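Working notes, structure below.
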Amino acid sequence: MNKVFAIMVFIGVPISVIGSLLHWPSVLMFIIYCLTIVALASFMGRATESLAIVAGPRIGGLLNATFGNAVELIISIFSLQAGLTGVVLASLTGSVLGNLLLVAGMAFFIGGVKYKRQKFNVYDARHNSGLLIFAVIVAFVIPVVFSVNLTEAKTMNLSVGISIILIILYLAALFFKLVTHRGIYQDPESKQEEHEEEPEWGKGKSILVLAVATLAVAYVSENLVHTFEAVAKSFGWSELFIGIVIVAIVGNAAEHASAILMAYKNKMDIAVEIAFGSTLQISMFVAPVLVILSLFFNPSMPLVFTLPELVAMATSVLLTIVLANDGETNWFEGATLLAAYIIMGIGFYLL
Amino acid sequence: MNKVFAIMVFIGVPISVIGSLLHWPSVLMFIIYCLTIVALASFMGRATESLAIVAGPRIGGLLNATFGNAVELIISIFSLQAGLTGVVLASLTGSVLGNLLLVAGMAFFIGGVKYKRQKFNVYDARHNSGLLIFAVIVAFVIPVVFSVNLTEAKTMNLSVGISIILIILYLAALFFKLVTHRGIYQDPESKQEEHEEEPEWGKGKSILVLAVATLAVAYVSENLVHTFEAVAKSFGWSELFIGIVIVAIVGNAAEHASAILMAYKNKMDIAVEIAFGSTLQISMFVAPVLVILSLFFNPSMPLVFTLPELVAMATSVLLTIVLANDGETNWFEGATLLAAYIIMGIGFYLL
Amino acid sequence: MNKVFAIMVFIGVPISVIGSLLHWPSVLMFIIYCLTIVALASFMGRATESLAIVAGPRIGGLLNATFGNAVELIISIFSLQAGLTGVVLASLTGSVLGNLLLVAGMAFFIGGVKYKRQKFNVYDARHNSGLLIFAVIVAFVIPVVFSVNLTEAKTMNLSVGISIILIILYLAALFFKLVTHRGIYQDPESKQEEHEEEPEWGKGKSILVLAVATLAVAYVSENLVHTFEAVAKSFGWSELFIGIVIVAIVGNAAEHASAILMAYKNKMDIAVEIAFGSTLQISMFVAPVLVILSLFFNPSMPLVFTLPELVAMATSVLLTIVLANDGETNWFEGATLLAAYIIMGIGFYLL
């Protein structure tokens, strides 16, 4: 399988460059870009896995989330520059739904088909649950409700204020996990497991692969975005649907691949960290940074999602928290998350 | 007590038939029907209990929920045929509220007056919590929010799509409980208890009693429904109130009687399974089946509850999940659920 | 530190009396009143602590909540008489947000800076979680949603009905905690700790200090309220903001001081009991009593919060429940609650 992905990368990347320069048909390029990203994502997954074995599950998960979302941040900044604030909010929504429901759902389902019961660090899950509630149910809900009675300027002030607090709390969470409470909430059992395996690549090679693959994904992703309009016309999809569903699937391919791989190897701590950590990085770091950066563009982007976007995210968070609360997963919990994702997908397809 | 119910059945059923044929006054017949159903329900409860001892708590609970809700499904199909989609949605709401708040509330309260602390299988409770969130907070909330921006035809498409997913996930849940993860989440302690008791009736007699009583309840219930309009006028109740409150009390009398009986015998696994299982069967099977069947009637019934109905169900689910999360009950948790039911009752009475 | 507070009380109280009689400038008096209340609150905290050692954590927590909220009840009755129903609802909202987010947040944060992990009785926390969901998510949400389709008179009927049920359930909760289930959910470990310490003051002196300090706080608080309008003008704040934020900080200074002191001494059972118990007393006793009393005033006050108030309270309850669910706190959980409080504060400041 790894050889197939290697071949896909060594064919896909040059063809992506050539095809984009020669303006090949959009639908064809759309398929090539998607396959290339999936193949690159598998390399990122393997590099992350190697790093995770060296550095422990937390740093590994953080690294993965960071590399996965750097791409999204770059694409969104281009979109803001083009004045597409609605598309940016839609793709943020798509990333949250994609990570919480699709990535975690596939990981729980595929892991659960192999193992009857899979356990993960319940302390980390609860820590993440608190942050998910804070980011989505408090920080995203408040501006939508309050903006009804506020002027546009005051809504933007509220959005910037909330964004600053989100970023500060995100940094505080890193400080908490990596400095003041590092290793405090770790299961003694899970520690032993981790050090049994040998990393596939060394630290240096892993970082190199991760860096190069991320750059390649960024390049291909940006080209991919420009095919969306033509693809939307060909298939009769709305741009909102592409933003929410297609971007979520392809844009999170890296997290997706890694999380499923980890679940399949019964390393649920890392799988959960990827899915939840990525959601938190999107909602507590990428989204507020974009709101603040949007002050330099016209129009600025307030942190005001549409009601369908907000309700979809809020209900997904409640569902995820209730399912993850016991520190155990099985195939049926994965199926439940996937079913919720399909419901949201149908809804946004019809909007 | 059992003798009283036997007498009530042997008098109540023939009188119900005679009274309905001779068109006796509606309010009188309303009372006769209600008492007859309650008496029949006690037989269903005893038959279920006997079967539960033979077959284990899960199958027993499933059987009970199935027999209790078959009645509701039949009545609702007649209502759909008569074009009363609002009444069908109201009685679905009433069943959800009735099972979650009234049946579980009474079971916890009465069981809790006898026993200080009652425990039930916390794994089952969490599994059910996940499904409740999925069905009510995701699958019921999404169409209400999205339908604001959708045409009627697209709302119906969304409703049918969600209904199909609800039914598939319901069947997947049965497959999970009865096949792939049968007995895996069982407490070793509770297992011993179950096999100590002797069933009152054999397997054959239990099934026969259950079948005959269900048929009789179906017949009497249908007649009962036709007295509602006249009773509403006599007492000054709205039809919505009857759909939500009266149907919930009488229509769930079977589950009600069984659940309280089980709680009184400290078999909380079965009591909880009846209340939650019945709610899940209503929301994940009866409701979506009715939406799909409604395609053959005019008007069709989208899965779009009114805002008061939706908020009442969603808040009830959140309350129940928080209370049931620890796998323990006491009389005060029962009182809390009953207090919530009374608040909803007052609200719908005034609407 | 205690000496500083003693000096502040013996200077602050007479100056408050003199200043209010001589009509000193409002902004000056505002600062004097605030400092005096904070100093008085420290005496209440010490008295409560002494009583708590004698009487156990639960009664101590109840005592504190009672003395803290008596002040609020008295001020609100004066406000109702003046027809300021909006201000009363705003200050109820402020008390709920203040206790759940600010008081609990500061206690968790400051306690967490000293101790890595702090534990509290998880049974009490779950009991309180159930009541918080019941009071805020059920009893406060239902009238707001239903009132859209109700006449003013029926909304008032619904409000009174819900208020009666809230009060009954609040009394039932006391009966549960103090009579039928007293000590049943107590940790065997925490019991030992409690009796090691000597109370600072005897029972008699503690009660005397508590009573005198409460009276003084009531007197100063009432004067404080009358400076709000002038202060609002001076600082450019809205009256809603003062009701929600300033009243919450100063009006809950007593609970605030005690809760932080307890957290600092690692007595998290009492700290949590103060923050949650006070919230529950506001929402299940003070608010419904005010609704019923408002029937004697014109206009009456229905239990209908504005949407921003309701959403702020409901999301705070969800956040608190998810964080408190595991019976453990750390500085980061405190920081999360404080961050939520700041977000709400910015929102209400801009409204």
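The values are calculated or read from the model by the stated rules, or taken from the named source; none is laboratory data. Predicted, not measured: the structure shown is a model, and the values here were computed from it. Glycine also receives a Cβ, built like all others from the backbone with ideal geometry; neighbour counts cover every protein chain displayed. Note: accessible area is taken over every heavy atom of the protein model, side chains too, but ligands, DNA and RNA are not part of it. Shrake-Rupley method; radii C 1.70, N 1.55, O 1.52, S 1.80 Å.
Among all residue pairs at least 6 apart or on different chains, which show Cβ distances below 6 Å where the first residue, located in region B:36-57, is over 28 Å from B:G183 (Cα atoms) and free of Cβ contacts under 8 Å to residues at least 40 places away in the same chain and the second is assigned to a helix (DSSP H, G or I) and hydrophobic (A, V, I, L, M, F, W, C)?
Listed pairs, sorted by first residue: B:A39/B:F5; B:A39/B:M8; B:A39/B:V9.
Does region A:15-31 hold any residues that are of a type outside the set (G, A, S) and either touching a strand residue (DSSP E or B) at 6+ places or on another chain (Cβ under 8 Å) or open to solvent by less than 30 Å² (accessible area, probe 1.4 Å) (or both), and which are they?
A:M29, A:F30
If I filter region C:49-56 for residues that are modelled with pLDDT of 80 or more and not aliphatic (A, V, I, L, M), do I get at least one hit?
Taking every residue of region C:49-56 in turn, at least one turns out to be modelled with pLDDT of 80 or more and not aliphatic (A, V, I, L, M).
Please determine whether any residue of region A:326-335 is aromatic (F, W, Y) and in contact (Cβ under 8 Å) with a residue 60 or more places away in the chain.
Yes: one or more hits.
Residue by residue through region B:142-154, note down the ones that are open to solvent by 10 Å² or more (accessible area, probe 1.4 Å) and assigned to a helix (DSSP H, G or I). Let's see the steps before the verdict.
Step one: of region B:142-154, the residues open to solvent by 10 Å² or more (accessible area, probe 1.4 Å) are B:144-145, B:147-154.
Selection gives B:V144, B:V145, B:S147, B:E152, B:A153, B:K154.
Please indicate, with yes or no, whether at least one residue in region B:124-132 is closer than 22 Å to B:I342 by Cα and either open to solvent by 30 Å² or more (accessible area, probe 1.4 Å) or modelled with pLDDT of 85 or more (or both).
yes
Let's see how each residue does on (1) out of contact with any helix residue (DSSP H, G or I) (no Cβ under 7 Å at 6 or more places or on another chain); (2) crowded, with 24+ Cβ neighbours inside 10 Å; (3) within 14 Å of chain C (Cβ to nearest Cβ):
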{"position": "B:A259", "(1), (2), (3)": "no, yes, no"}
{"position": "B:S294", "(1), (2), (3)": "no, yes, no"}
{"position": "B:E309", "(1), (2), (3)": "no, yes, yes"}
{"position": "B:A335", "(1), (2), (3)": "no, no, yes"}
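Within region B:320-346, count every residue that is under 18 Å from the mean Cα position of the chain (by Cα) and among the aliphatic types (A, V, I, L, M).
Counting residues in region B:320-346 that are under 18 Å from the mean Cα position of the chain (by Cα) and among the aliphatic types (A, V, I, L, M) gives 7.
Within region A:323-339, count every residue that is more than 20 Å from A:K267 (Cβ to Cβ) and touching an Asp or Glu at 6+ places or on another chain (Cβ under 8 Å).
0
Please go through (1) in contact (Cβ under 8 Å) with a residue 24 or more places away in the chain; (2) more than 14 Å from chain A (Cβ to nearest Cβ) for C:G347 and return the number of the only condition it doesn't satisfy.
Looking at each condition in turn, C:G347 falls short on (2).
Assuming C:A139 fulfils every condition listed in (1) surrounded by 16 or more Cβ atoms within 10 Å (Cβ to Cβ); (2) in contact with a helix residue (DSSP H, G or I) (Cβ under 7 Å, 6 or more places away or on another chain); (3) part of a helix (DSSP H, G or I); (4) modelled with pLDDT under 85 apart from one, which condition is it?
If we test C:A139 against (1) surrounded by 16 or more Cβ atoms within 10 Å (Cβ to Cβ); (2) in contact with a helix residue (DSSP H, G or I) (Cβ under 7 Å, 6 or more places away or on another chain); (3) part of a helix (DSSP H, G or I); (4) modelled with pLDDT under 85, just (4) comes out false.
Yes/no matrix, rows are residues, columns are (1) modelled with pLDDT of 75 or more; (2) open to solvent by less than 60 Å² (accessible area, probe 1.4 Å); (3) more than 14 Å from chain A (Cβ to nearest Cβ); (4) within 24 Å of the chain's Cα centre (by Cα):
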site	(1), (2), (3), (4)
B:L158	yes, yes, no, no
B:L166	yes, yes, no, yes
B:G183	no, yes, no, no
B:K191	no, no, yes, no
B:G202	yes, yes, yes, no
B:S206	yes, yes, yes, yes
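Checking A:I342 against (1) more than 9 Å from chain B (Cβ to nearest Cβ); (2) surrounded by fewer than 24 Cβ atoms within 10 Å (Cβ to Cβ), which single condition isn't satisfied?
Single failed check for A:I342: (1).
Could you tell me which numbered condition A:A107 fails, if it satisfies all but one of (1) open to solvent by 10 Å² or more (accessible area, probe 1.4 Å); (2) under 20 Å from the mean Cα position of the chain (by Cα)?
Every condition holds for A:A107 apart from (1).
Output the number of the condition that A:A232 fails; it satisfies all remaining conditions of (1) open to solvent by 20 Å² or more (accessible area, probe 1.4 Å); (2) modelled with pLDDT under 85.
(1) is the only condition that A:A232 fails.
If you check C:L73, C:L80, C:L92, which single one turns out to be out of contact with any Cys (no Cβ under 8 Å at 6 or more places or on another chain), in contact (Cβ under 8 Å) with a residue 60 or more places away in the chain, surrounded by 23 or more Cβ atoms within 10 Å (Cβ to Cβ) and closer than 30 Å to C:F297 by Cα?
Only one candidate qualifies: C:L92.
From (1) over 30 Å from B:N149 (Cβ atoms); (2) at the interface with another protein chain (Cβ under 7 Å from one of its Cβ atoms); (3) surrounded by fewer than 24 Cβ atoms within 10 Å (Cβ to Cβ), pick out the condition that doesn't hold for B:G327.
(2)
Applying the selection to region C:91-128, what residues are assigned to a helix (DSSP H, G or I), within 11 Å of another protein chain (Cβ to nearest Cβ) and farther than 21 Å from C:T306 by Cα? Walk me through how you get there before you give the answer.
Within region C:91-128, the first condition is being assigned to a helix (DSSP H, G or I), and the residues that meet it are C:91-114, C:122-128.
When the remaining residues are screened for being within 11 Å of another protein chain (Cβ to nearest Cβ), the result is C:101, C:109, C:112-113, C:122-123, C:125-128.
Selection gives C:F109, C:G112, C:V113, C:V122, C:Y123, C:A125, C:R126, C:H127, C:N128.
From the list B:V289, B:V245, B:V317, B:V322, exactly one residue is open to solvent by 10 Å² or more (accessible area, probe 1.4 Å) and within 11 Å of another protein chain (Cβ to nearest Cβ). Which is it? Break it down stepwise before answering.
On the way: B:V289 fails: within 11 Å of another protein chain (Cβ to nearest Cβ); B:V245 fails: within 11 Å of another protein chain (Cβ to nearest Cβ); B:V317 fails: open to solvent by 10 Å² or more (accessible area, probe 1.4 Å).
One residue alone meets the criteria, B:V322.
Does B:I270 fit the bill of being out of contact with any Asp or Glu (no Cβ under 6 Å at 6 or more places or on another chain), under 23 Å from B:Y170 (Cα atoms) and open to solvent by 30 Å² or more (accessible area, probe 1.4 Å)?
no
Closer than 24 Å to B:L323 by Cα, in contact (Cβ under 8 Å) with a residue 40 or more places away in the chain, open to solvent by 30 Å² or more (accessible area, probe 1.4 Å) and in a helix (DSSP H, G or I), is that true of C:Y170?
No, not satisfied.
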